[in-house]
Structures are given as structure tokens and as C-alpha cells.
Amino acid sequence: MQSLFVATEEDIRQGRTMDVYFQRSLAVLKALDLEEIRVKAEFSAGSLPSDWPWAVICGTEEVLRLMEGLPVDIYGVPEGTLWRPRSSRGPRIPFLNIEGSYCGFGEMETSILGMLCHSSGVATKAARCKLAAEMGHLMAFGNRRMHPALAPMLDRSAYIGGCDGVASPIGADLIGEEALGTVPHALILMIGDEVKAYQAFHDHSHSAVPRIVLVDTYSDERFGALEACRVIPGLEGIRLDTPGSRRGSFRELIQEVRWEMDMASHQDVSIIATGGLDEDSIRQLSGAGVDSFGVGTSISNAPTVDFSMDLVEKEGEPISKRGKFSGRKYPFRCPRCLLMDVSLDKDDEIHCQCGVAMEMIEVRMMENGRRTSSAESAQEIRNRVLRQLRIIHDIDSNHKI
Ligand SMILES: [Zn+2]
């Protein structure tokens with residue numbers, strides 16, 4: 001059997017996925033005997049995709065696993081931090097710093113950035129969808145749009161960003177949750193009759209599988225929903241995946257289905273909405289009676305965050321290329337409104353425009369290749385994200401008032 005088009009973990013660790021110019025640069029530095037020169041490198045971004053005001057930092061745990069054993073010290077904001085790219089005074093705010101001899105970690109730049117840029121984009125989009133859903137239930141269903149080798153990273157990032165569950169067993173294993181899913185159209189088409197399909201799904205699925213069925217394959221959503229409620233005792237939910245050609249007002253359709261199920265005493269049967277949902281459509285449907293949103297492409301194909309790694313100190317001297325601010329910088333953040341600033345002094349006293357003292361939020365993560373604390377669970381990181389999203393949600397709600 002021929003191999004698939006994926007890099008193995010060994011390929012990544014051995015630097016075979018790096019940009020070749022790093023490899024060539026290291027050879028030059030070694031030839032000049034400059035291998036031992038110590039540098040400090042910071043990770044930051046000049047701006048965020050689509051004018052996002054903040055991003056959820058994600059991928060740090062994977063970077064630490066990649067860097068374990070290399071001669072580096074790593075400092076950064078905790079994974080799951082809602083981070084802003086720039087201080088109001090101009091400098092970029094670093095969220096990760098790596099210190100050591102350049103030749104000891106330089107060849108990892110491509111892989112480190114790839115992990116952070118991609119994971120943070122997905123986590124940020126999930127967080128934005130969570131806010132659009134007024135902090136309601138979200139499921140990540142978008143793996144089918146991306147290469148399957150990425151499923152664990154995509155699912156973990158979506159979950160950390162705020163999704164409540166993921167569809168793939170491998171992603172669910174990584175985050176320590178059960179995989180979530182409903183019923184595909186294919187099952188109903190294969191059986192050829194919706195009621196028979198509901199009955200068969202109920203009869204032949206393990207008792208732990210939630211009884212959630214798809215009600216729009218052949219019939220009208222409202223009547224399909226009532227039929228599903230009738231056929232499956234203890235039905236937990238119905239999924240509406242109404243195609244665009246039939247959608248009209250999806251919001252009104254959902255309101256009608258909710259109303260009619262309530263009229264028939266099925267108040268406890270949930271409505272799950274899926275089908276091309278994004279931030280805007282979730283916002284439009286929020287409050288219409290949807291209990292859970294299944295979100296696909298808009299999260300899995302989220303824009304990548306354009307982070308870069310820049311050398312800011314060499315042998316204790318501040319350096320930088322044109323357009324960047326030199327010197328080792330520390331990130332500060334207001335605990336009340338989550339605005340950020342930066343300072344060269346980690347003990348600086350910075351006050352937010354709201355009057356509250358900002359906190360220096362960087363922590364030490366690795367010392368000479370050894371982790372300084374054990375890995376956090378995906379749940380802990382996700383809870384950190386949710387706490388911050390509630391702050392943002394409250395601030396946004398107050399602005400609306
Ligand atoms: Zn503040």
C-alpha cells in the first residue's frame with residue numbers, strides 16, 4: 001500500500017517540514033563558529049484576520065511537546081489566553097518567548113509557527129461562534145473540509161475555543177470527551193423511509209448514543225420533527241439541516257418547529273441546527289429556539305493567524321529588523337476589560353484606561369528543555385477561554401444597552 005501525503009511526527013521533530021533556508025542558514029552559522037550565540041525570540045502578530053480585535057492563543061501545548069529536550073527556555077501567556085496583537089503605543093505584544101542559542105531551535109521556526117497560527121485561527125473562530133451563539137451549545141463538525149491528518153489538532157482547537165464537543169473519535173480522545181454526532185442523510189436514504197430509519201436507529205444503536213435524528217431528508221421539518229417524537233420514546237433532539245434551496249427564513253422555520261413540538265408536549269426535545277453555519281448565521285438564529293449549533297467549515301477552515309517569530313535580543317543586546325520593536329518585552333493585561341499593553345520591565349506598573357492595574361501574564365513554561373509544570377487538560381484551557389468570553393460578552397452586552 002502506498003503511503004499517504006502526510007508528514008510523520010518523526011519528520012516534524014527531525015526538521016524535515018522546515019523551510020530549507022533555515023537549514024542552510026544553520027550550516028553557515030556553524031561554519032562561522034557562531035553556534036553558541038544566545039538569542040531571545042518573540043512570537044507576535046502585527047494584526048489579525050478580518051480585523052478581529054483579539055485571538056485565542058492555541059497550540060502552545062503542542063509546541064512544548066515539540067521543543068521538549070531542546071536547549072531552550074520558553075515563556076508565554078497560558079494557552080487559551082484572549083490576546084490582543086498591539087499595545088496602543090504601537091509595539092506588538094509578544095505571547096511567547098524562546099531563549100537559547102539560535103542554532104539550538106532556529107530550524108523549528110516553521111513548525112512552531114504552523115502549530116500556533118493554525119490552532120489559534122481555529123480556536124479564535126470557535127470562540128467568535130460561541131459569542132455569536134450567546135455562549136450556547138456548539139459542536140465542531142468541520143473535519144470533512146480539511147485533511148484528515150489534522151483532525152486531532154482541529155478538534156482540540158475548536159474545543160478549546162468554546163465548542164462543547166467534536167465529531168471525530170480521535171479528536172474526542174485527545175480532549176477526553178465522547179465524540180458527538182447525530183444521523184447522516186445517508187442512513188435515511190439507505191433505508192429509504194424516514195420513520196423506518198428513526199426506528200432502526202433507535203433499535204440498533206447503543207443505549208449511550210443520544211437519540212437525535214435528522215428530520216429533513218424527505219419531509220417537511222415540522223411534520224418530520226413531530227413524527228420523530230412519536231416514533232422514538234425519549235427522543236433527545238432533532239437536527240435541521242435544511243438545504244439552502246428550501247431555507248427561506250431558517251429562523252422562522254426553527255421557531256415554528258419549536259412551537260409545534262412544544263404544543264405536542266415535546267418541550268424537552270432539543271433542536272440542533274447545521275448546514276453552512278457561520279458567525280453571522282449563528283447570530284441570526286440565536287434566540288430562535290436552537291439548543292445546539294453544529295458548525296463545520298467556518299471553524300475548521302478558519303483564517304490562520306499570521307504570527308511571526310522575531311529575534312529581539314542577541315547576547316543581551318536588543319536587536320530587531322526594520323519595522324519591529326527591539327528588546328525582550330513582557331505582556332500585561334487588564335483583568336477587568338482584557339485590554340493589553342507591553343513593557344520591557346516585567347515588574348512595571350501599568351494602569352488600564354479603565355483605571356485597573358494591569359497584570360503581567362507571562363509564565364515560565366520550559367527551562368533548558370524541561371517543562372516547568374505539567375500539561376493542562378483541554379478542559380482547563382477551555383474553561384479559561386470561557387471565563388474570558390463571558391467578560392467580553394458582558395462588555396459587548398453593556399455596549400448594546
Ligand atoms: Zn481595563
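Values quoted throughout were computed directly from the atomic coordinates according to the rules given, and no laboratory measurement underlies them. This structure is a prediction, so every number in the text was calculated from the model and none was measured. No Cβ is skipped: glycine too gets one built from the backbone with ideal geometry, and neighbour counts run over all protein chains shown.
The string of couplings for the range 84-90 from the Karplus curve (6.51, -1.76, 1.60, θ = phi - 60°) is 10, x, 9, 6, 5, 8, x Hz, one whole number per residue in order, with x for Gly and Pro. A simple spin-label model places pseudo-atoms 7 Å from Cα toward Cβ; at R387 and V356 they are separated by 1.2 nm. The residues packed around V195, meaning those with a beta-carbon under 11 Å from its beta-carbon, carry a net charge of -1 if Lys and Arg are +1 and Asp and Glu are -1.
Quarter the surface of the alpha carbon convex hull of the chain and you get the mean projected area, 23.8 square nanometres. Proximity of backbone amide H atoms, modeled 1.01 Å from N, is registered between F325 and R92 at under 5 Å, excluding neighbours fewer than 5 places apart on the same chain. The share of Cα pairs per 10 Å bin across the range 124-300, counted from zero up to the longest distance, runs 10, 38, 37, 14, 0 percent.
For the chain, a Gaussian network of Cα nodes joined below 10 Å ranks L226, L277, L82 by mean-square fluctuation, and the top entry is L226. Placing R0 at 35 angstrom, the Cβ-Cβ distance between K196 and Q284 gives a FRET efficiency of 0.50 after rounding to 0.05. In this structure, the amide hydrogen of R239, modeled 1.01 Å from its nitrogen in the peptide plane, lies closer than 5 angstrom to those of V213, L214, V215, I272, counting only residues at least 5 positions away or on a different chain. Projecting the Cα atoms of I37, L154, V183 onto the dipole axis of the chain, where Lys and Arg carry +1 and Asp and Glu carry -1 at the beta carbon, places I37 farthest toward the positive end.
One chain, two ends: R230 and R144. Fully extended at 0.36 nm per residue, the span grows by 27.7 nm beyond their Cα-Cα distance. Residues W83, W259, arranged from fewest to most other Cβ atoms within 10 angstrom of their Cβ, appear as W259, W83. Counting only Cβ charges, +1 for Lys and Arg and -1 for Asp and Glu, the dipole size of the range 131-260 around its Cα centre is about 280 debye. 3J(HN,Hα) along the range 290-303: 7, 8, 8, 9, x, 10, x, 3, 5, 8, 5, 9, 4, x Hz, from the Karplus curve 6.51 cos²θ - 1.76 cosθ + 1.60 with θ = phi - 60°, whole Hz, x for Gly and Pro. Net length available on complete extension from D203 to S377 is 59.1 nm, with 0.36 nm assigned per residue and the Cα-Cα distance removed. Over every Cα atom in the range 254-385, the radius of gyration and the widest Cα-Cα span, Dmax, amount to 23.3, 74 Å. Towards the positive end of the charge dipole of the chain, with charges on Cβ (+1 Lys, Arg; -1 Asp, Glu), say which of V77, Q255, Q353 has the farthest Cα. Towards the positive end, the residue furthest out is Q353. With Cα atoms defining each centre, the range 76-109 and the range 334-393 are spaced 13 Å apart in the structure.
In plain terms, the chain from N398 to D347 could stretch by 15.1 nm, reckoned as 0.36 nm per residue minus the Cα-Cα distance.
Could you compute the net charge surrounding V290? Neighbours are other residues with a C-beta less than 12 Å from the C-beta of V290; K and R count +1, D and E count -1. Around V290, the surrounding residues sum to +2. Here the alpha carbons of the range 329-372 define both size measures, Rg and Dmax, at 12.4, 39 Å. Put the Cα centre of the range 114-193 next to the Cα centre of the range 1-20 and the gap is 25 Å.
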